[in-house]
Every structure is written in C-alpha cells, then in structure tokens.
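The values are calculated or read from the model by the stated rules, or taken from the named source; none is laboratory data. All values derive from a computational prediction rather than experimental measurement. As a convention, Cβ positions derive from the backbone with ideal geometry for all residues, glycine included, and neighbour counts pool all protein chains shown.
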Amino acid sequence: MSNAVTDNTTLNHYELITDGGVAFVKYRTAPGIRIFTHAEVPKALEGHGLGSELARGALELARTQGYKVVPQCPFIADFIGKHPEYRDLVAG
C-alpha cells in the first residue's frame, strides 16, 4: 500500500509517503529522546491501517536510532498501550 516510514529531519517528523498524500508523526528531540507531539493521516486514507503502519514505523525507527520516546500525541500513546512490544521505548 505504501513506502517505508522515513525520518525527515528537516521537518522534524517521521513520514510515510503514499499516492494519497503524506502521513506523519511530528517530534521534538531532546538528548536521547524523541517527543512525539502530533500524528496526522490524510483524510482520504483514514480507516485503512495507515496510522498503525506509521506509528509502528516511527517507533521502530526511534528504536533503531537509539531514542526513547515520550508519546505526547494521544494516537501514539494509544498505539503503545495496545502494543506492549513498544512499551520499553517509553522514557521514564
């Protein structure tokens, strides 16, 4: 359905580019931490699992990059709550 999630450091977000637009998770960076502040999926693509794909990809990239995360974004916080394999990434 889409390409892989990538880290767009210029825009401070993880993004998933599709034919229907760009889904993204905005972040702020502190030493060793990515603070996820907002996630957005194009309206035309809602309900197709793109948000979950984006969240999973962003969290996997954060893990690979050596970051802990602070899920201020309710969508990301909810995703982590439903997927215990990512709870070890939560800072604090």
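Kindly check whether there is at least one residue in the stretch 50-63 that is exposed (fewer than 14 other Cβ atoms within 10 Å of the Cβ) and without any contact (Cβ under 8 Å) to a residue 40 or more places away in the chain. Steps first, answer last, please.
Going residue by residue through the stretch 50-63, those that are exposed (fewer than 14 other Cβ atoms within 10 Å of the Cβ) are none.
So far as the stretch 50-63 goes, no, none of its residues is exposed (fewer than 14 other Cβ atoms within 10 Å of the Cβ) and without any contact (Cβ under 8 Å) to a residue 40 or more places away in the chain.
Restricting to the stretch 1-21, what's the tally of residues that are part of a strand (DSSP E or B), at pLDDT 95 or above and buried (at least 17 other Cβ atoms within 10 Å of the Cβ)?
Here is the first cut: in the stretch 1-21, the ones part of a strand (DSSP E or B) are 6-8, 13-18, 21.
Filter once more, so that each one left must be at pLDDT 95 or above: 6-8, 13-16.
This time we only want the ones that are buried (at least 17 other Cβ atoms within 10 Å of the Cβ), so: 7, 13-16.
Residues that pass the stated criteria total 5.
Scan the stretch 1-36 for residues that are hydrophobic (A, V, I, L, M, F, W, C), under 20 Å from residue 72 (Cα atoms) and within 13 Å of the chain's Cα centre (by Cα) and report the count. Talk me through it step by step, then tell me what you get.
As a first pass, look at the stretch 1-36 and keep what is hydrophobic (A, V, I, L, M, F, W, C): 1, 4-5, 11, 16-17, 22-25, 30, 33, 35-36.
Next, from what is left, pick out any that are under 20 Å from residue 72 (Cα atoms): 5, 11, 16, 23-25, 30, 33, 35-36.
Imposing the further condition that a residue be within 13 Å of the chain's Cα centre (by Cα) reduces the set to 5, 16, 23-25, 35-36.
Number satisfying all stated conditions: 7.
Would you point out which residue out of 36, 75, 79 is of a type outside the set (Asp, Glu) and assigned to a strand (DSSP E or B)?
On the way: 75 fails: assigned to a strand (DSSP E or B); 79 fails: assigned to a strand (DSSP E or B).
Matching residue, one of 36, 75, 79: 36.
Let me confirm something: among 85, 60, 40, 46, which residue is among the acidic types (Asp, Glu) and touching a strand residue (DSSP E or B) at 6+ places or on another chain (Cβ under 9 Å)?
Values: 85 fails: touching a strand residue (DSSP E or B) at 6+ places or on another chain (Cβ under 9 Å); 60 fails: touching a strand residue (DSSP E or B) at 6+ places or on another chain (Cβ under 9 Å); 46 fails: touching a strand residue (DSSP E or B) at 6+ places or on another chain (Cβ under 9 Å).
The unique qualifying residue is 40.
Are any residues in the stretch 55-83 over 14 Å from residue 34 (Cβ atoms) and among the hydrophobic types (A, V, I, L, M, F, W, C), and if so, which ones?
First, the residues of the stretch 55-83 that are over 14 Å from residue 34 (Cβ atoms): 56, 74-75, 78-79, 81-83.
75, 79, listed by residue number.
I'd like the full set of residues that are among the β-branched types (Val, Ile, Thr) and either closer than 20 Å to residue 11 by Cβ or at pLDDT below 95 (or both), limited to the stretch 35-85. Steps first, answer last, please.
So in the stretch 35-85, the residues among the β-branched types (Val, Ile, Thr) come out as 35, 37, 41, 64, 69-70, 76, 80.
Those that are among the β-branched types (Val, Ile, Thr) and either closer than 20 Å to residue 11 by Cβ or at pLDDT below 95 (or both): 35, 37, 41, 64, 69, 70, 76.
Provide a single number: the residues in the stretch 30-41 that are surrounded by fewer than 13 Cβ atoms within 10 Å (Cβ to Cβ) and either of a type in the set (A, V, I, L, M, F, W, C) or more than 11 Å from residue 69 (Cβ to Cβ) (or both). Lay out the reasoning, then the answer.
Filtering the stretch 30-41 down to residues surrounded by fewer than 13 Cβ atoms within 10 Å (Cβ to Cβ) leaves 30-32.
Add one more test, that the residue is either of a type in the set (A, V, I, L, M, F, W, C) or more than 11 Å from residue 69 (Cβ to Cβ) (or both), and what stays is 30-31.
Qualifying residue count, the stretch 30-41: 2.
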